[in-house]
């Protein structure tokens, strides 16, 4: 309904491809990139669309506030955003893994922040660091280097 109204208001065509892409995106849990969406459209939806159609439709969906784009390092990731619970992202700077988390107190603090001459509509929070797996691997490497240097 929202997408139909958006397309109508802007005099854009209401193509089956655009609605198939929207349906596929809203069936995905979590983040996706264009390549994974392309594969899903072909395999699960049995619907062949070009990458250009995917990119153009993603832009329309972002403009309609139905999809949000995240830049995790050098990777562009997308996720549905209409009627979704606010969440935050932890990004491992070593392996690139992205983990979502919710924190009610943090959300309340951010949403309650008084901003001068600015009305907040939404926000994204990215926390960068090392995931526990990478931290363990780094610790093992340091221990091994230390033992080699002691010999």
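No lab work stands behind these numbers, since they all come straight from the coordinates. What you are looking at is a predicted structure, and each value in this text was computed from that prediction instead of being measured. Heads up, the Cβs are rebuilt from the backbone with ideal geometry, glycines too, and the neighbour counts pull from every protein chain shown.
Alpha-carbon geometry of the chain: the Rg and the Dmax are 20.3, 74 Å, given in that order.
Mean sequence separation of contacting Cα pairs (under 8 Å, at least six apart), scaled by the length of segment 85-151, corresponds to a relative contact order of 39 percent.
Averaged over residues, the count of other Cβ atoms within 10 Å places the peptides 54-61, 74-81, 124-131 in the sequence 54-61, 74-81, 124-131, highest first.
In this calculation the C-beta distance from residue 137 to residue 69 is compared with R0 = 22 Å, giving a FRET efficiency of 0.15.
Extension gain, residue 86-residue 51: 0.36 nm per intervening residue step, less the Cα-Cα distance, totals 9.7 nm.
Please figure out what share of the DSSP beta bridges in the chain is antiparallel and state it in percent, rounded to the nearest 5. Taking every DSSP beta bridge with both residues in the chain, the antiparallel ones total about 75 percent.
If the segment from residue 34 to residue 93 were pulled out straight at 0.36 nm per residue, it would be longer than the present Cα-Cα gap by 19.1 nm. Each peptide among 112-122, 89-99 gets the average number of other Cβ atoms lying within 10 Å of its residues, and from highest to lowest they stand as 89-99, 112-122.
Helical content alone sets the calculated 222 nm signal of the chain at -14000 deg cm²/dmol, taking -39,500 (n - 2.57) per DSSP H segment of four or more residues and averaging over every residue. The label-point distance for residue 118 and residue 1, in a model that sets each label 7 Å from Cα toward Cβ, rounds to 3.4 nm.
Considering all C-alpha pairs of segment 85-151, those separated by over 15 Å amount to 66%.
Contact order for the chain, expressed relative to its length and based on alpha carbon pairs under 8 Å spaced 6+ residues apart, stands at 16 percent. Taking a ≥ b ≥ c as the square roots of the Cα gyration tensor eigenvalues, with a/c under 1.5 meaning rounded and otherwise prolate when a/b beats b/c, else oblate, which class fits segment 1-84? Judged from the Cα gyration tensor, segment 1-84 comes out oblate (a/c at least 1.5, b/c at or above a/b). Residue separation of residue 11 and residue 107 scaled by 0.36 nm, minus their Cα-Cα distance, works out to 30.8 nm of gained length.
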